Amino acid sequence: MATTKPQTKSAKVIALLKRGKGASIDEICKATQWKQHSVRAFLTGLRKKGFVLAREQRGDEATIYRITRAPDQKVQQVAK
C-alpha cells in the first residue's frame, strides 16, 4: 500500500493562491485554521522568498491574492 505525504498548510495556501481566481484571506483562514494576522504574515513571507503576489478586488468586495510569479520562474528581460 502506497502512503501519501500529508499536504502542509503552506502547500495548501500556495495551491489556493495559484488558482486563476486566487484566494481571499478568509478562504485561506478556513483552509488552514490560521488567524488573519497569521495569513498576512505568511503572504509577507512569500514575498520575501521571491513570489510575486497580485492583490485584486472581487465583485463581492473581498480582496483576493494570486501568485503571478513564483521565485523559480525566470523574468524575461527586455533588451534595450
Relative to the present Cα-Cα distance, how much length would full extension add between R40 and E56 at 0.36 nm per residue of separation?
4.3 nm
Show me the ranking of peptides 52-61, 7-16 by mean Cβ neighbours inside 10 Å, starting with the highest.
7-16, 52-61
Evaluate the distance, in nm, between pseudo-label points positioned 7 Å from the Cα of A31 and of T8 along their respective Cα→Cβ axes.
1.5 nm
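Read-outs throughout are calculated quantities, based only on the coordinates presented, and are distinct from any laboratory measurement. On a predicted model such as this, the values are computed, not experimentally measured, just so you know. Don't worry about glycine lacking a Cβ; one is built from the backbone with ideal geometry, like all the others, and counts go over all protein chains shown.
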